[in-house]
Amino acid sequence: MDPMNIAAATDESLAEISNYLVYSAMAVYVLAFCAHIAEWVLGGRSKVARTAAALTPGAKQERPSDASAAPPVAVRQGGSTGVLERPHVVTRSSAGRRGDLPDGPGAAGGDEKGDLYGRMAISLTVLAFALHAGGVLTRALSVGRAPWANMYEFSTTFSMVIVGAYLGFLLAKKDIRWIGLPLVTTVLLDLGLATTWLYTESDQLVPALHSYWLWIHVSLAIVCGALFYLGFVASALYLFRDRYETKLLGGGEPGAFATSVLERLPSSSSLDKFAYRVNAAVFPFWTFTIVAGAIWAGDAWGRYWGWDPKEVWSFITWVAYACYLHARATAGWKGRKAAYLALFAFACFLFNYYGVNVFFSGKHSYAGL
Amino acid sequence: MTDDTTTGQKPASGPEGALATDEPELGAAMAQLSTAPVEDRGQAVQGSFGGVRAPGVKGGAAWTGREVLGWARWFWRQLTSMRVALILLFLLSLAAIPGSVIPQSGVDPTAVQDLRAQNPTLGEVYDALQLFDVYSSVWFSAIYILLFVSLIGCIVPRTWQFTGQLRARPPRAPRRLDRMPAFTTWRTDASPEDVRDAARKLMRGKRYRVATDDGAVPAVASEKGYLREAGNLLFHIALIVLLVAFAAGQLFRAEGGTLVTVGGSFSNTLSQYDDFSPGSLFTPDDLEDFSFRLKDFESSYEESGPNRGSVRTARAEVAYRTAPGGVEQQTTIEVNEPLEIGNTKVYLLANGYAPVVSFTDASGNVAYRGPVPFLPQDTNLTSSGVVKVPDALNEKGEREQFGFQGFFVPTFGGADSGSMFSRWPEPRYPVMFLTGYHGDLGVDAGIAQNVYQLDTDNMKQFKDEDGSPFAKKLLPGESMELPDGNGTLKFEGVKRWANFQVAHQVGSGWALAGALAAIAGLAGSLFIQRRRMWVRAVAGPDGTTTVEMAGLGRSESPRLPEELGELAYALQSKAPPSAPADAPTESGAEAGGAPETPSRGDRPWTR
Ligand code: HEM
């Protein structure tokens, strides 16, 4: 056997290992999914209707004025090593009638067993992530390049980054456990799609993809997509939760299921803020992704912008997110309307990825199915 | 993290709204904290702007004038409002969609032709609606031109306002600092003057703009984060630069293709292009004066694996001159690495084979000799092409034209099946298969002709003795003799050719600069928080000084209280608290970690 063949053989076995790792990750994600379901089911046993309590007619009467009368909350400034005590800072929210609604208790709803399952789900997600990342890494090694040159690789990397971002937020002690179930579900769907319909044997790149811009442009696109996804889930849940709160505020009585589930989510204003912060933070990076793509196109195809379907949809996605950010700054468009724009924008992003590759042929068609 | 433009479910719930309704004074503290227009919430109605109409012609004229002006002003105000900007932006994203669904003549002209041929009615409808040229259509242009007029109409007053803000002092401290979004207080033995001095120094050190507020109760007012607004303005201005650069690029651009055989050369004049498409304001004088020679072409292919045979590397070795008679320089052109000369870039697009043939006519003259580029039909470079011999003598000694049509394969793979196809893109077993014609090539008619096609309308195909079409398979070095001694075509060898796209582009530097400035501006606009901090120190009856510090941001952000805490902590080193117990509401928070009542709004981030 000549050296080249040996190298090819190890590459193939690496690619095989990668497939096994991805399948194992899927199996563990399924377990995490079940644990999340258990968490939600068990959490349904506790019936703390905090939102309703906060919005009872009595409380509502006070609300307009209590933005100022509400008891001040002290935020401790921790981490002091000086001799002085850190000063206490009193914060006052001015977010209006519903800005002071408490966040829900999370999927476990304060139920101990539910919480246990929730923690199990997260541990399983960490394990699955490790397998998943291993799968992506071995795939990258087997092809000797960045693992995102076709839809299979893009999909597996994409969901890996989604999970990574989620775990990163958890690690930074941000309260985003509420996103666990939708996230694991999406990741399973994405991996299922990747391994069945989108699977492509590991292979080298066509020359047009040989460029360091591939690393910059595509990796940024993946990271932006993953974070936009988190924002998207928050916006979608915001819409449900907001309707729920509006109903309560109007004295209505939401169904038992809605109450049980929505009660445990963060308040609409928390969800909305989360969505905004994520989307706004990603937007400059998404802009740069497009610019990087344009630079690359300028080197590869002789024009930096040519209205290729992929370019068109990147542009549409960009304008849609710009629209969302504008909407947030315009009085009459805040809240639900802005959230709809955020959903539209993310739909554009998804379509740009799946739809454009499937329905249109353009210069980006290397991503072959 | 990014700073946050309030959650606001209902219109009046923004910080401006809430605070302004809370207490007018807080509205003043908030004043001029941004240049974003305060949206008119429906109170601006159209209607008669002319006012009372005085009798008589003069009165009528005056009224009409006022009416027109009023409407113009109303229209302008609408156009430059945030709401209309938002709607136009949304329309722009929707209007871009058809261009990705319907083939565009600028992107894929063949698909447009196919659609027109298959469905003429639909084609006509599309034509009427300019749907084959969405991005240069009247309606698409209308949207973005309106948007950019709106943008300019928005930027100019905002820039004006912002320069005013830059010159203005931070507003004086609100009467009740404890009503600000972030507040802290303590008592100290330092004198009020010392505290204020220390505060001023501290704020200046932190690059705040500081003003002394000599109101009834003196205070230090400070403000920071002007870069947010500057960034926002920069972003919107950069968008204009980007658009202008893009438009100029479209108007003055030109691109063309040229096919060069190894050993051949190209010089940048119109006549040397195989095809050329200029933008509407391009003139041939804009063509850069350069030339290049294709010295060699190399390519390599995947030897194994599922994509066996696909191109791995493709490299053209060229020698070029940037001016006639200039020094010849050497370089290579690869797929992602064009040759750049001034505003022009030369890209490598495709490559193929050019069999070298010679034709010796009946009189023994070499009537034609040279490489003839054949065009690839598949990834293994099965190629088809024609050889045209416009001037030769036939067996009767008359002038006649000859044409050959056929295939070339670098690695012959059809030995068993009888068909011609290539099994490998490299020349491992090159074979050419040709059939011959004689008659009139049609090249003299003065009509531009496709050099890769043979117009056989006025030509006759040579026949074998048995009447079947004359055709022959040739290996390099072999010849085919036409029937009846009409001449001999010899397959002498093979050369590579490369197809280059020469793109003349202007404004791409400006577009890039605009794009990068836009990103920088965006980052400033989204990551920087504009905020105000006030410090007030008042001597109390017991001889101690009460220090009050408050912060206000344009939007609610968890970083504001953090920053206030840091500042207060720093200030306390100059004005140490005399009695630590004086801090507000320390009881609950200190004891139990997470407070009972969640701190509203900023939960997910401060937990
Ligand atoms: C080409 C179209 C436009 C795009 C892509 C665009 C994009 C954006 C983006 C992404 C932001 C968010 C940045 C931030 O929040 O600081 C923003 C903010 C803003 N835009 Fe635009 N914009 C466009 C046109 C306009 C026009 C026509 C106007 C005026 C009528 C305008 C006025 C503003 C204002 C006032 C803000 C700041 C809002 C705030 O400070 O909260 N923009 N724009």
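Other chains' Cβ within 10 Å of B:203-210 residues: what's the mean? Numbers along the way, then the final one.
Numbers: counts 0, 0, 0, 0, 0, 0, 0, 0.
Counting Cβ atoms of other protein chains within 10 Å of each residue's Cβ and averaging gives 0.
Other chains' Cβ within 10 Å of A:265-274 residues: what's the mean?
5
Per DSSP helix of 4 or more residues, -39500 (n - 2.57); summed, then divided by the residues of chain B. What does that give at 222 nm, rounded to the nearest 500?
Computed mean residue ellipticity for chain B: -10000 deg cm²/dmol.
I need the P(r) histogram for segment B:146-235: all alpha carbon pairs, bin width 10 Å from 0 out to the longest distance, whole percents.
14, 35, 28, 15, 7, 2, 0
Averaging over all projection directions, find the projected area of the Cα convex hull of segment B:379-447 and quote it in nm² with one decimal place.
In nm², the orientation-averaged hull projection of segment B:379-447 is 6.4.
Using only the C-alpha atoms of segment B:181-282, find the volume of their convex hull and express it per residue in Å³.
Dividing the Cα hull volume of segment B:181-282 by its residues yields 251 Å³.
All other residues with a Cβ under 12 Å from the Cβ of B:LYS388 taken together, and with Lys, Arg as +1 and Asp, Glu as -1, what is their net charge?
-4
Please compute P(r) over all alpha-carbon pairs of segment B:340-473, binned at 5 Å starting from zero, and give each bin as a whole-number percent.
Cα pair-distance distribution for segment B:340-473, in percent: 2, 10, 16, 19, 18, 14, 11, 6, 3, 1, 1, 0, 0.
Please list, short to long, the whole-number percent of alpha-carbon pairs of segment A:202-293 in consecutive 5 angstrom bins beginning at zero.
The percentages, shortest bin first, are 3, 13, 17, 14, 11, 10, 8, 7, 6, 5, 3, 2, 0.
Put +1 on the Cβ of each Lys and Arg and -1 on the Cβ of each Asp and Glu in segment B:121-192; which of B:ILE145, B:GLY164, B:SER191 then has its Cα farthest toward the positive end of the dipole?
B:SER191
What does the extension gain come out to for B:PHE527 and B:ALA128, with contour length at 0.36 nm per residue minus their alpha carbon separation?
Stretched out fully, the B:PHE527 to B:ALA128 stretch lengthens by 139.0 nm.
Quick check on my link table: of B:LYS388/B:LYS463; B:LYS295/B:LYS388; B:LYS396/B:LYS495; A:LYS310/A:LYS337; A:LYS310/A:LYS334; B:LYS463/B:LYS495, which ones sit more than 23 Å apart, alpha carbon to alpha carbon?
Result: B:LYS295/B:LYS388; B:LYS396/B:LYS495; A:LYS310/A:LYS337; A:LYS310/A:LYS334; B:LYS463/B:LYS495 exceed 23 Å.
So what's the angle, to the nearest 10 degrees on a 0 to 90 scale, between helix B:82-95 and the longest Cα principal axis of chain B?
With both axes taken from Cα atoms, the answer is about 20 degrees.
Could you give the angle, 0 to 90 degrees to the nearest 10, between helix B:559-572's Cα long axis and the longest principal axis of the Cα atoms of chain B?
50 degrees
Round to a whole angstrom and tell me the spacing of the C-alpha centers of segment B:419-468 and segment B:49-84.
Here the answer is 75 Å between Cα centres.
How big is the dipole moment of chain B about its Cα centre under a simple scheme where the beta carbon of each Lys and Arg is +1, that of each Asp and Glu is -1, and everything else is neutral? Debye, nearest 20, please. Could you put the intermediate results ahead of the total?
Details: 57 positive and 69 negative charges, 629 e Å.
For chain B, the charge dipole is close to 3020 debye.
Go through segment A:22-36 residue by residue and turn each phi into a ³J(HN,Hα) via Karplus (6.51, -1.76, 1.60, θ = phi - 60°); whole Hz please, and just put x for glycine and proline.
Ordered by residue, 3J(HN,Hα) equals 5, 5, 4, 4, 4, 4, 5, 4, 4, 4, 4, 4, 4, 4, 5 Hz.
Taking each pair of distinct Cα atoms in chain B once, what is the resulting Kirkwood hydrodynamic radius in Å?
32.3 Å
Around B:GLY65, under 13 Å between beta carbons, what's the net of Lys plus Arg minus Asp minus Glu among the other residues? Each step should come with its number before you reach the end.
Working: positive: B:ARG53, B:LYS58, B:ARG66, B:ARG73; negative: B:GLU67.
Neighbourhood net charge equals +3.
Hey, what's the per residue convex hull volume over the C-alpha atoms of segment B:171-212, in cubic angstrom?
Cα-based convex hull of segment B:171-212, divided per residue, equals 100 Å³.
Below 8 Å, C-alpha to C-alpha, sequence gap of six or more: please give me the relative contact order for chain B in percent.
Working: 1125 pairs, mean separation 112.7, N = 607.
Averaging sequence separation for qualifying contacts and normalising by length gives 19 percent for chain B.
Dipole magnitude of segment B:253-362 about its Cα centre, charges +1 at Lys/Arg Cβ and -1 at Asp/Glu Cβ only, in debye to the nearest 20?
Numbers: 8 positive and 17 negative charges, 37 e Å.
The dipole of segment B:253-362 has a size of about 180 debye.
Tell me, Kirkwood radius of segment A:218-369 from alpha-carbon pair distances, in Å? Could the numbers behind the result be given before it?
Working: mean 1/r = 0.0596 Å⁻¹.
Taking every pair of different Cα atoms in segment A:218-369, averaging 1/r and inverting gives 16.8 Å.
Let me test this: with uniform point scatterers at the alpha carbons of segment B:244-383, what is the Debye-based log₁₀ I(q)/I(0) at q = 0.12, 0.18, 0.20 1/Å?
Values, matching the q order: -0.64, -1.14, -1.26.
Which cross-chain or sequence-distant (5 or more) residues have an amide H under 5 Å from the amide H of B:LEU349, H modelled 1.01 Å from N in plane?
B:ASN499, B:PHE500, B:GLN501
Using Cα pairs closer than 8 Å and at least 6 residues apart in sequence, work out the relative contact order for segment B:238-314, in percent.
About 27 percent, as a whole number.
Over the alpha-carbon set of segment B:65-138, work out the extent along each principal axis and list the three values in angstrom, largest first.
56, 25, 16
What is the distance in Å between the Cα centres of segment B:211-261 and segment B:96-116?
Distance between centres, Cα-based: 34 Å.
Non-local amide H neighbours of B:VAL431 (under 5 Å, H modeled in plane, Pro and chain starts lacking H): which ones?
B:VAL409, B:PHE412
FYI, it's all coordinate maths here, none of it is from the lab. Being a predicted model, the structure only gives us computed values, none of them experimental. For neighbour counting, all protein chains shown are included, and Cβ atoms are generated from backbone atoms with ideal geometry for every residue, glycine included.
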